[in-house]
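K.L.:
Sharing a structure here in structure tokens format.
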Amino acid sequence: MGLLAALWGASYLFIKVALDDGVAPVFIVFARLALGALVLVPIAIGQQALGALRGRWDAILFMSLVQVVVPFLLITYGERHIPSSLAGILVASAPIFTALLAVRYDDDERPRGIAAAGVVMGIIGVVLLFGIDLRGDAAALAGGLMVLLASVGYAIGGLYLKHRLRGVPAVGIAASTLLAGTLVLAPAALFALPSAVPSTAATASLLVLGAGGTGIAFLIFYTLIAEIGPSRASLVTYLAPAFAVVYGVWLLSEPLTAGAVLGLLLILAGSWVAMEGRLPG
């Protein structure tokens, strides 16, 4: 979970670097999906993990849309208006939406007792960030809302995976969803090709974003969902913001506001309480 948090926390930095170089959001998402698929598809084939997906391609397409294509687009477009560190923090709302959806669709994942208190603490942290750092700026507000909608997609995808793709090898799900997303976005990407060769920094960012922050990270995430459930697996989004803030402030010189610090502390505390003071397992 720590490795996944570090990878995902860095993803927002790499997106921002590519955006600042003028790369179109659609092309950024297409590139990260394609590169992620290039990493995972050979692994899935080698482990014979794709055979279990026969007859389930409708579920794979749905997962690809709600957990990679739409959320990645929303986050990337959102980062045009808000700092990468703030985008990383706002994604921490994914466990909140998972808990809210679980009330209706999954009793096993419904937070109870001390875990529910942790979710509430996380909500307070997100609300604090949204109210302080995005207040009074229409463009930033729109960007923040995009990131929150992406979190809804993550929550839906986690619960859908549990109920519709249980027992399917994690590497097969990760590889197939990235491949499906690549095919879905390929036509749009043709109209979003960079007009000039991206800078070395932007090119390197896209490579690391696709291979590490997407390919390897999604393999880890799907494995966590299969082993500890979507609610606890999505708690990684409580940890990734710490890395996103460090990367953004240290490498991009983004401002570190009091609201960001207080919100981040509440979110991290909520994560610890939601896991009842121990690592999930």
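The values are calculated or read from the model by the stated rules, or taken from the named source; none is laboratory data. Computed from a predicted model, the values in this text were never measured in an experiment. A quick note on method: Cβ atoms are made from the backbone with ideal geometry, for glycine too, and the neighbour counts reach across all protein chains shown.
K.L.:
Let me confirm something: among 125, 51, 55, which residue is surrounded by 22 or more Cβ atoms within 10 Å (Cβ to Cβ) and either at pLDDT 80 or above or over 30 Å from residue 260 (Cα atoms) (or both)?
P.N.:
On the way: 51 fails: surrounded by 22 or more Cβ atoms within 10 Å (Cβ to Cβ); 55 fails: surrounded by 22 or more Cβ atoms within 10 Å (Cβ to Cβ).
Being surrounded by 22 or more Cβ atoms within 10 Å (Cβ to Cβ) and either at pLDDT 80 or above or over 30 Å from residue 260 (Cα atoms) (or both) holds for just one of 125, 51, 55, which is 125.
K.L.:
Conditions first: (1) more than 17 Å from residue 15 (Cβ to Cβ); (2) aliphatic (A, V, I, L, M); (3) in contact (Cβ under 8 Å) with a residue 60 or more places away in the chain. Residue 228 passes all but one, so which condition is the exception?
P.N.:
Here residue 228 meets the rest and fails (3).
K.L.:
Filter the range 25-84 for residues that are among the aromatic types (Phe, Trp, Tyr) and more than 27 Å from residue 142 (Cβ to Cβ) and give the result. Can you show your working first?
P.N.:
Kept after step one, since they are among the aromatic types (Phe, Trp, Tyr), are these residues of the range 25-84: 27, 30, 57, 62, 72, 77.
Passing the criteria: only 57.
K.L.:
With 82, 28 as the choices, which residue is crowded, with 24+ Cβ neighbours inside 10 Å, outside any helix (DSSP H, G or I), at pLDDT 90 or above and in contact with a helix residue (DSSP H, G or I) (Cβ under 7 Å, 6 or more places away or on another chain)?
P.N.:
82
K.L.:
Out of 145, 134, which single residue is farther than 13 Å from residue 260 by Cα and either surrounded by fewer than 18 Cβ atoms within 10 Å (Cβ to Cβ) or not β-branched (Val, Ile, Thr) (or both)?
P.N.:
Only one candidate qualifies: 145.
K.L.:
If you check 75, 43, which single one turns out to be surrounded by 16 or more Cβ atoms within 10 Å (Cβ to Cβ) and closer than 21 Å to residue 159 by Cα?
P.N.:
75
K.L.:
Can I ask one more? Restricting to the range 1-25, give me the number of residues that are assigned to a helix (DSSP H, G or I), among the aliphatic types (A, V, I, L, M) and either more than 16 Å from residue 221 (Cα to Cα) or in contact with a Pro (Cβ under 6 Å, 6 or more places away or on another chain) (or both). Spell out the reasoning first.
P.N.:
First, the residues of the range 1-25 that are assigned to a helix (DSSP H, G or I): 2-20, 25.
After this cut, where a residue has to be among the aliphatic types (A, V, I, L, M) as well, the list is 3-7, 10, 13, 15, 17-19.
Retained after the next criterion (residues that are either more than 16 Å from residue 221 (Cα to Cα) or in contact with a Pro (Cβ under 6 Å, 6 or more places away or on another chain) (or both)): 13, 15, 17-19.
Number satisfying all stated conditions: 5.
K.L.:
Another question about this same structure. Just the residues that are touching a Gly at 6+ places or on another chain (Cβ under 7 Å), of a type in the set (A, V, I, L, M, F, W, C) and part of a helix (DSSP H, G or I), please, taken from the range 35-69.
P.N.:
Correct list: 35, 39, 40, 44, 52, 53, 63, 66, 68, 69.
K.L.:
If residue 114 satisfies all but one of (1) surrounded by 15 or more Cβ atoms within 10 Å (Cβ to Cβ); (2) over 17 Å from residue 260 (Cα atoms); (3) β-branched (Val, Ile, Thr), what's the number of the condition it fails?
P.N.:
Checking residue 114 against (1) surrounded by 15 or more Cβ atoms within 10 Å (Cβ to Cβ); (2) over 17 Å from residue 260 (Cα atoms); (3) β-branched (Val, Ile, Thr), the one that fails is (1).
K.L.:
I'm checking my understanding of the structure. Among residues of the range 85-111 that are surrounded by 14 or more Cβ atoms within 10 Å (Cβ to Cβ) and acidic (Asp, Glu), which one is nearest to residue 236 (Cα to Cα)?
P.N.:
Here the answer is 109.
K.L.:
If you check every pair at least six apart or on different chains, which have Cβ atoms under 6 Å apart with a residue in the range 172-198 that is at negative phi and among the small types (Gly, Ala, Ser) first and a residue that is part of a loop (DSSP other than H, G, I, E, B) and at pLDDT below 95 second?
P.N.:
If the second residue must be part of a loop (DSSP other than H, G, I, E, B) and at pLDDT below 95, the pairs left are 172/49; 172/50.
K.L.:
For residues that are part of a loop (DSSP other than H, G, I, E, B) and crowded, with 21+ Cβ neighbours inside 10 Å, scanning just the range 220-253, find the one that is modelled with the highest pLDDT.
P.N.:
The residue in question is 235.
K.L.:
Same structure, new question: Surrounded by fewer than 16 Cβ atoms within 10 Å (Cβ to Cβ), in contact with a helix residue (DSSP H, G or I) (Cβ under 9 Å, 6 or more places away or on another chain), of a type outside the set (Val, Ile, Thr) and without any contact (Cβ under 8 Å) to a residue 40 or more places away in the chain, is that true of residue 204?
P.N.:
yes
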